[in-house]
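The values are calculated or read from the model by the stated rules, or taken from the named source; none is laboratory data. This one's a predicted model, so the numbers in the text were calculated from it and none came from an experiment. Cβ placement follows ideal geometry from the backbone for every residue including glycine, while neighbour counts extend to all protein chains displayed.
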Amino acid sequence: MWLPLFAALFFILHPLHIQAVTYIVQRLASLAALFYILTMFSFVQARLNSEKKIMWIVICLISALLAFFTKQNTFTLPIVLLLIEICFFSTSFKTLFRFGLISAGVLGFIFVMLSWNLNYQPFSLEAMQALTKETDKISRLDYFASQMQVIWIYLKLFFYPIGLHIDYDPFPLTGFNLFTIFATLAHFSIIAISLFFLRKLPLLAFGILFYYVAHSIESGFIPIRDVIFEHRTYLPDIGLVIIMGWFLIEKVVNWIKLPTVLALSSVLLIVLGIQTWERNQLWRDPVALWQHNVTLAPSKERAWSVLGKHLLERQQAKEGIQALERAIELQKKSGKKGINTVDIINLIVGFKMLKEYDKALHLTQQVLNQPMTPLLKSKFLINQANIFYEQDRISEAEQSLRQAIAIYPNDLTAKGNLASLLGNRGSFEEAEALYLEVLRYYPTNKAVQENLQNLRKLQGK
């Protein structure tokens, strides 16, 4: 009774898991974990319940399918189910072999379906390469070597959750040096110990092996652009909370009495719960959240970029500009080619908010002279038109908007802005035609609907 309760509470209250729950995009991780756990639970029920075996098998298959379509890290499910069979059921070698073949068949089926869905020939090296990497900029060996260090960071954050933040500093890809070799050997030593205690201490062995299997997709040989992220620990940490529950309830009670163990565990859970609550409060304030992040990860350009954007949204233009300039400086130092257009556009907006129009226009002209897509060029021209309009340079604003439409005819924002400008100047017919064109593609745009109504009132229609 106490072991599963404490394991569940450690999982729910641990502050390391906030990113997978509070960060909306990464709720994929928590949803995937839900289907993953449901699959394991229904599998165990099918093995234990002879009367309702068919029902539990159906639930197991459905939840596994839902997991596979939620997130890629759930592709380890067949391996984990085989692990459950080995650790907790007295099974013959023949049954295990059959189960292993079924697991391999399921994984093969997933691979074939994904290949066809993405228009790859499933039985080709091209499909294997495309479906087992997220970026070409990191080699498989470098990524694996980095993950041998990153997993130790994840373990440290689980047992000592201090310094948690969203976006970590760029992780050095050093390949296999002395340190990464030592880190790798330490991991494999832990796995070897768990295999040694597989029969004597099955729950401990399962927790350890589950942790590494669940990490194998995102922390293995599949290169991912971002080397470290806290939400990746959400599913693997199920293995660690099982170990925590097992250690407290089955081992520590041999040294001290159960009521004392329960009291100490409760205190630990309260501390974790308070830390989780405080971190969630921090997440409520995007400026505070990203200021905290750049303090812990001062070399991460993306963190400075997001901080700058939120500062501008809070009308703190001066501080926002400083953050954005820091992001651009870090981008240049990293040797990345091209321009981060989001940062540049936000920087222009910041100068405009401070009414430093000359700086905003100078930066706009610098960017417009660089090669870019028609859509992007149109966005910069719209920003330029807004600056001209604030300066009461109406003809130049109109020229910029017409240029934006000429470069990218599908830009509805440019057409809507030009219609408003023409309407204010008395060119009612052209303005009405532009409004109607915008509404033809975006009929629910309330702002354009209201502007069109006001324009028609001015015309006496």
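Let's see how each residue does on (1) surrounded by fewer than 16 Cβ atoms within 10 Å (Cβ to Cβ); (2) aromatic (Phe, Trp, Tyr); (3) assigned to a helix (DSSP H, G or I); (4) not assigned by TED's automatic domain parsing to the domain that holds GLN459:
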site	(1), (2), (3), (4)
ILE345	no, no, yes, yes
ASP358	yes, no, yes, yes
GLN366	yes, no, yes, yes
ILE382	no, no, yes, no
GLN399	yes, no, yes, no
ALA431	no, no, yes, no
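Would you point out which residue out of LEU235, LEU248 is part of a loop (DSSP other than H, G, I, E, B) and under 26 Å from LEU3 (Cβ atoms)?
Values: LEU248 fails: part of a loop (DSSP other than H, G, I, E, B).
Testing whether each residue is part of a loop (DSSP other than H, G, I, E, B) and under 26 Å from LEU3 (Cβ atoms) leaves just LEU235.
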(request) Could you please tell me which pairs satisfy a Cβ distance under 7 Å, a separation of 6+ or placement on different chains, a first residue in region 169-184 that is polar (S, T, N, Q), and a second residue that is part of a loop (DSSP other than H, G, I, E, B)? (result) THR180/THR174
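Please find, among ILE208, ILE162, the residue that is exposed (fewer than 13 other Cβ atoms within 10 Å of the Cβ) and not acidic (Asp, Glu).
On the way: ILE208 fails: exposed (fewer than 13 other Cβ atoms within 10 Å of the Cβ).
None of the other options fit; the residue is ILE162.
Provide a single number: the residues in region 18-42 that are over 30 Å from VAL58 (Cβ atoms) and part of a helix (DSSP H, G or I).
The first filter runs over region 18-42 and keeps only residues over 30 Å from VAL58 (Cβ atoms), leaving 18-19, 22-25.
Adding the requirement that they be part of a helix (DSSP H, G or I) leaves 18-19, 22, 24-25.
Residues meeting the conditions: 5.
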(request) Take the residues in region 56-103 that are among the polar types (S, T, N, Q) and within 17 Å of SER216 (Cβ to Cβ), then tell me which one is modelled with the lowest pLDDT. (result) SER103
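Please verify whether region 179-198 includes one or more residues that are in a helix (DSSP H, G or I) and within 28 Å of ALA288 (Cα to Cα). Walk me through it before giving the result.
Initial filter on region 179-198 (in a helix (DSSP H, G or I)): 179-196.
Narrowing further to those that are within 28 Å of ALA288 (Cα to Cα): none.
The answer is no; no qualifying residue exists.
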